[in-house]
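The values are calculated or read from the model by the stated rules, or taken from the named source; none is laboratory data. Fair warning: this is a prediction, and the values are worked out from it, not measured in the lab. Every residue, glycine among them, receives a Cβ derived from its backbone with ideal geometry; neighbour counts consider all protein chains shown. Side chains are part of the model used for accessible areas, which takes the heavy atoms of the whole protein and leaves out ligands, DNA and RNA. Shrake-Rupley method; radii C 1.70, N 1.55, O 1.52, S 1.80 Å.
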Amino acid sequence: MSLDLTLIWAFLIATAVFLYVVMDGFDLGVGILFPAVRGKADRDLMVNTVAPVWDGNETWLILGGGGLFAVYPLAYATILPALYMPLILMLLALVFRGVAFEMRFRAATLRSQRAWDRSFSWGSYVATFCQGICLGALVQGIRVEGRAYAGGWWDWLTPFSVLTGIALVGGYGLLGACWLIWKTEGELQLRAYRLARQLGFVTLAAIAIVSAAMPILSDAFRARWLSWPNIALAAPIPALVAVLAWRFFVALERRAEVTPFLCALGLFLMSYIGLGISLWPMIVPPAISIWDAATHPSSQAFLLAGAVVLVPMILVYTAYVYWLFRGKVAAGAPGYH
């Protein structure tokens with residue numbers, strides 16, 4: 001019973017993290033694209049495309065973090081000390097970005113609005129980069145002695161974690177550009193097509209470089225991907241990435257509006273599955289598995305009863321909001337209130 005509950009919770013938390021990444025990813029991506037769009041009207045339109053959903057997207061971050069704290073307390077107590085600095089910077093950037101999101105529509109002068117625009121964009125860059133840093137630091141491994149973190153204050157800052165931080169900025173920018181293709185029209189949409197094409201190449205290059213670097217980081221990663229028969233079992237992942245990339249660029253050439261966004265989501269999903277293949281079953285690589293970190297089965301069962309009620313409510317509410325605000329966002333529409 002404990003094994004089943006531990007696996008169920010691993011799936012739930014992994015799903016919550018993925019939903020946060022893709023749903024808040026295009027939201028952060030819109031801020032990342034701000035420097036490429038200068039006009040006030042276009043920037044207002046960009047923000048209005050995410051205004052109805054941006055705060056709800058972060059629900060999944062809370063669910064993932066709360067689930068980690070409640071169900072895998074050992075992992076929580078190990079990961080946080082290892083990543084205090086980038087996590088604090090990420091949260092501060094998200095708060096600062098949220099304030100800028102609200103204040104840019106209430107700015108009394110054009111100069112002050114530009115200042116809030118820069119704050120919104122900088123917050124998006126810092127939050128995204130720090131998320132990528134955390135991912136890279138986790139993947140490369142956290143030093144543990146006994147059941148406690150044994151690393152240093154700056155262990156999270158490595159060339160690989162910087163690489164994953166830069167890669168995530170490009171990936172979120174791609175999601176933002178594809179979202180704007182879907183939700184806008186006219187000149188802004190045409191600019192989004194151009195940005196999506198450029199960021200598509202950047203994202204694919206980042207996937208390739210990170211994928212090539214991971215086997216160098218760890219013998220376990222190398223055995224998982226490059227030894228027989230694992231290489232045959234894992235081969236569908238890079239093959240599907242290639243198919244999605246081809247379909248993505250074809251959709252851009254044909255000026256499709258929804259398909260580029262779906263293909264970008266597919267690229268993130270394949271990358272996420274590939275990451276899961278590399279790490280499984282470690283929740284704190286290379287030493288702590290999901291079973292080592294899990295709390296007592298009775299606590300897992302109690303928490304799962306709440307999740308069975310809460311998660312469908314979040315899904316229904318999220319789906320309703322996206323359906324309610326479906327369609328294009330018109331230029332000149334009232335700003336966010």
Exercise for review: Might you let me know whether region 28-38 holds any residue that is charged (D, E, K, R), without any contact (Cβ under 8 Å) to a residue 60 or more places away in the chain and assigned to a helix (DSSP H, G or I)?
Suggested key: no
Taking first residues from region 143-155 that are over 13 Å from L83 (Cβ atoms) and second residues anywhere that are of a type in the set (D, E, K, R), the pairs with Cβ under 6 Å that are 6 or more apart or on different chains are A150/R143
Only one of V250, V258, V284, V241 is within 25 Å of R326 (Cβ to Cβ) and touching a helix residue (DSSP H, G or I) at 6+ places or on another chain (Cβ under 7 Å), namely V258
The helices (runs of 4 or more DSSP H) lying wholly within region 50-151 that contain at least 3 residues that are touching a strand residue (DSSP E or B) at 6+ places or on another chain (Cβ under 8 Å) and open to solvent by 10 Å² or more (accessible area, probe 1.4 Å) are 73-82
The residue that is least open to solvent (accessible area, probe 1.4 Å), considering only those in region 251-274 that are more than 17 Å from the chain's Cα centre (by Cα) and without any contact (Cβ under 8 Å) to a residue 40 or more places away in the chain, is A251
Filter region 34-49 for residues that are open to solvent by less than 10 Å² (accessible area, probe 1.4 Å) and not β-branched (V, I, T); the one that is nearest to Y317 (Cα to Cα) is M46
Among helices (runs of 4 or more DSSP H) entirely within region 235-308, at least 3 residues that are within 24 Å of G25 (Cβ to Cβ) occur in 236-253, 259-279
Going through region 1-33 in order, the residues found to be farther than 30 Å from G123 by Cβ and surrounded by fewer than 18 Cβ atoms within 10 Å (Cβ to Cβ) are M1, S2, L3, D4, L7, I8, F11
Worksheet item: Does region 1-17 contain any residue that is touching a Leu at 6+ places or on another chain (Cβ under 8 Å) and not in a helix (DSSP H, G or I)?
Response: no
Subset of region 172-216, residues of a type in the set (G, A, S) and in contact with a Phe, Trp or Tyr (Cβ under 7 Å, 6 or more places away or on another chain), comes to G176, G200, A213
